1. Looking at the stretch 66-87 only, could you name the residues that are under 23 Å from Leu136 (Cβ atoms) and either in contact (Cβ under 8 Å) with a residue 40 or more places away in the chain or open to solvent by 60 Å² or more (accessible area, probe 1.4 Å) (or both)?
2. Filter the stretch 13-65 down to the residues that are touching an Asp or Glu at 6+ places or on another chain (Cβ under 7 Å) and surrounded by fewer than 22 Cβ atoms within 10 Å (Cβ to Cβ), then identify the one that is farthest from Ala126 (Cα to Cα).
3. Answer yes if at least one residue in the stretch 106-117 is of a type in the set (Gly, Ala, Ser), open to solvent by 30 Å² or more (accessible area, probe 1.4 Å) and closer than 22 Å to Leu181 by Cα, and no otherwise.
4. Those residues that are surrounded by 12 or more Cβ atoms within 10 Å (Cβ to Cβ) and under 20 Å from Ala49 (Cα atoms), I need them from the stretch 262-277; list them, please.
5. Only one of Val128, Val120, Val108 is hydrophobic (A, V, I, L, M, F, W, C), out of contact with any helix residue (DSSP H, G or I) (no Cβ under 6 Å at 6 or more places or on another chain) and touching a residue at least 40 places away in the same chain (Cβ under 8 Å); which?
6. Just to be sure I understand the filter: pairs with C-beta atoms under 8 Å, separated by 6 or more residues or on different chains, first member in the stretch 235-246 and in contact (Cβ under 8 Å) with a residue 12 or more places away in the chain, second member open to solvent by 40 Å² or more (accessible area, probe 1.4 Å) and not in a helix (DSSP H, G or I). Which pairs pass?
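The values are calculated or read from the model by the stated rules, or taken from the named source; none is laboratory data. Just so we're clear, the structure is a prediction, and the values are computed from it rather than from any experiment. Glycine also receives a Cβ, built like all others from the backbone with ideal geometry; neighbour counts cover every protein chain displayed. Just the protein is used for accessible areas: all its heavy atoms, side chains included, with ligands, DNA and RNA removed. Shrake-Rupley method; radii C 1.70, N 1.55, O 1.52, S 1.80 Å.
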Amino acid sequence: MSQYNTIRYETDDGLLRLTLNRPDNLNAFTVEMADELEDAYRRANGDDAVRAIVVTGEGKAFCAGMDLSTGGNVFGLDESQAPTLADLRERPVREAIECGVRDTGGRVALAMYDCLKPIVGAINGAAVGIGATMTLPMDFRLASDRARIGFVFGRLGITPEACSTWFLPRIVGMQQALEWLYKADIFDAAEALDKGLVRSVHAPEDLVGAACAFARSLVADRSPVSIGLIRQMMLHNPAQPHPRAAHDVESLAMFYSSIGDGKEGVQAFLEKRASAFSGKASAMPPFYPWRED
């Protein structure tokens, strides 16, 4: 998939800018958008020209949630099925389960989780439902002072998705996550900043520029392999049951990075010059990926 209908995929000097592009519908989420976002994140992950990703919305909204105007099951689910956890845990996942049961937002979230590149959100307006939960796998969220955010699932009698019950408590703590999910209220950027959901709040005209500058600052003169390993270790290791599991992964990461870009980094430090790293995220060390899903 190289052409998209619901998003824009634009690269510039190492930065990928992903824009949700249904402004006439407040960038409402659809099954097609889910497919395109999942493809875009996996495509960026394998593209060495992409060092960091910034995600925003076209027009006045970031994403107003699921498009509820579509026919049939608005979430794209196959109501003829009666799925079980065993069905979802079967590998490979059967097509009927993959296409008719798996939460579309979760497919996007897991593609983001697997990504080796830092992801920065620029929340330019309303981010409601999936519009809010799709930001949680991002490394950082910056918001416009006009942003309005809501985990509004309870209002519709449904439950959170997009792996948000895994991500949200890790970002803001269990108590705050439960309050937002139970109340299902819409809150402003100031509250999001106060509770730690967003990193900073900006004037609308400054938001995307600030997000792009910040994203570039994360990867400038840094090894893509080191950045990728750091991201994956920080996402996975805190969930390990014992620090020994983190130690094992860190040992292999240190071993392989020290004989790769680490040699250039040490030499550049000794020579007091900028590093010229040659490692590529498309050629990770042989122990990666180390987890079993």
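1. Matches in the stretch 66-87: Met66, Asp67, Leu68, Phe75, Gly76, Leu77, Leu85.
2. Ranking the qualifying residues of the stretch 13-65, first place goes to Asn45.
3. No, the stretch 106-117 contains no residue that is of a type in the set (Gly, Ala, Ser), open to solvent by 30 Å² or more (accessible area, probe 1.4 Å) and closer than 22 Å to Leu181 by Cα.
4. Within the stretch 262-277, Ser275, Phe277 qualify.
5. That would be Val128, the only listed residue that is hydrophobic (A, V, I, L, M, F, W, C), out of contact with any helix residue (DSSP H, G or I) (no Cβ under 6 Å at 6 or more places or on another chain) and touching a residue at least 40 places away in the same chain (Cβ under 8 Å).
6. His236/Arg291; Ala246/Gln240
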